[in-house]
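To start, the structure under review is shown below, and the notes come after it.
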C-alpha cells in the first residue's frame with residue numbers, strides 16, 4: 001500500500017522540472033590546430049612550458065616512423081595530398097561557411113523569438129482585458145442601484161395614480177349626494193311656492209277683488225289729474 | 001583528502017595509481033552499465049564540442065581523425081607487409097622493399 005501511495009502522490013505532477021532551460025554555451029571546447037584539445041597544452045604547460053606538447057608530438061612522430069608503427073607506403077602520399085587540400089579548403093572557406101551556418105541558426109532563433117513575442121503580447125493583452133472585465137464587474141452595484149431606483153419610481157407612480165383614482169371616485173360620489181340634496185331642497189321649495197301662490201290666489205275673494213280694482217281706478221284718476229295739472233302748469 | 005570516500009564512486013582522475021586495478025574491478029560491467037557509460041561519454045563529447053552556438057571544426061575533425069586512426073589500427077596486420085626495413089635496422093630491408101624498390 002505504501003508504494004501505491006507514493007504513486008498517488010505523483011498523480012498530477014509532471015517529471016519535467018519547472019526551471020528554465022539553460023542557454024547553449026557560446027563556443028565549444030577549444031582545440032589547437034583543429035584536432036588537438038587545448039586541455040593537453042594546459043596540462044603540460046607547468047612542466048614543459050609552451051613548446052612541450054609540440055616536442056611531445058615530434059618525438060611521438062619520430063618513434064612511430066622509426067619503429068614502423070606507421071608504415072610509409074603509397075597511401076602516405078595520398079593522405080598528404082588530401083590533407084593539404086583539406087587544410088587549404090578549411091582555411092580559405094571556413095569563416096564563410098561558419099557565417100552561413102550562423103545566419104541559418106539566427107533565422108531559426110528569430111522565428112522562434114517572433115512566435116514567443118507574439119504569444120507574450122497576446123497574453124499580456126488578454127491579461128489587460130481580464131483586468132478590465134474585473135473592473136467592470138465591480139460596477140455591478142451601481143447598475144443594481146439604478147435598477148432599484150427605476151423600480152421604486154415605477155411603484156411610486158403607480159401608487160399615485162391609484163390615489164388619484166380613489167380621490168376622483170370618492171369626490172364623484174360625494175358630488176352625487178350633494179346634487180341629490182340640492183334637488184330635494186329645490187323641489188320642496190318650488191312645490192311650497194306653488195302651493196302658497198295657489199292658496200293665495202284662491203283666497204282672494206271676489207269682494208276683495210272689486211275693492212282693489214276700485215282702489216286702482218281711483219288711484220289712476222288721481223294720477224291722471226296730477227298729470228293733467230302738470231302739463232297745463 | 002578523498003580517502004574516506006568508497007573506491008567505486010571516485011572518478012578516474014581521483015583514483016591513485018595503485019588503486020587503479022581494484023577501481024576497474026568495481027566498475028559496472030553489466031550491459032546496462034556499459035550502455036550507460038557509452039551514453040555518458042557521448043553526451044560529454046556532444047555537449048562540449050557540438051551542442052554549442054558557434055562550434056568550430058574541432059568537433060567533427062577529432063571524430064574523423066579518430067576514425068582514421070582506428071581504421072589504420074585495424075588494417076595494421078595487412079599493412080605490415082609493406083614495411084621497408086626489418087627489426088629497426090635500416091640496413092636490413094624487407095622482401096617488399098627489395099622487390100619493388102629494386103624495380104624502380
Any hit, the stretch A:62-70, residues being within 21 Å of residue B:85 (Cβ to Cβ), surrounded by 14 or more Cβ atoms within 10 Å (Cβ to Cβ) and without any contact (Cβ under 8 Å) to a residue 24 or more places away in the chain: yes
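Only residues that are part of a loop (DSSP other than H, G, I, E, B) and surrounded by 13 or more Cβ atoms within 10 Å (Cβ to Cβ): list them for the stretch A:25-54, please. Please lay out each step first, then the result.
Keep residues of the stretch A:25-54 that are part of a loop (DSSP other than H, G, I, E, B), which gives A:25-26, A:28-30, A:33-35, A:49-51.
Hits for the stretch A:25-54 are A:25, A:28, A:29, A:30, A:34, A:35.
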Residue that is farthest from the other protein chains (Cβ to nearest Cβ), among those in the stretch B:70-87 that are surrounded by 14 or more Cβ atoms within 10 Å (Cβ to Cβ) and assigned to a helix (DSSP H, G or I): B:72
Test result for residue B:21, in contact with a helix residue (DSSP H, G or I) (Cβ under 8 Å, 6 or more places away or on another chain), more than 9 Å from chain A (Cβ to nearest Cβ) and at pLDDT below 90: no
Close pairs from the stretch A:18-36: first more than 7 Å from every other protein chain (Cβ to nearest Cβ) and farther than 19 Å from residue B:63 by Cβ, partner modelled with pLDDT of 85 or more and assigned to a loop (DSSP other than H, G, I, E, B), Cβ under 9 Å, at least 6 apart: A:23/B:53
Meets criteria (at negative phi and surrounded by 11 or more Cβ atoms within 10 Å (Cβ to Cβ)) for residue B:34: yes
Boolean, residue B:62 is within 14 Å of chain A (Cβ to nearest Cβ), in contact (Cβ under 8 Å) with a residue 12 or more places away in the chain and not in a loop (DSSP other than H, G, I, E, B): yes
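The values are calculated or read from the model by the stated rules, or taken from the named source; none is laboratory data. Quick caveat: nothing in here was measured; it's all calculated off a predicted structure. So basically every Cβ, Gly included, is an ideal-geometry build from the backbone, and we count neighbours across all protein chains shown.
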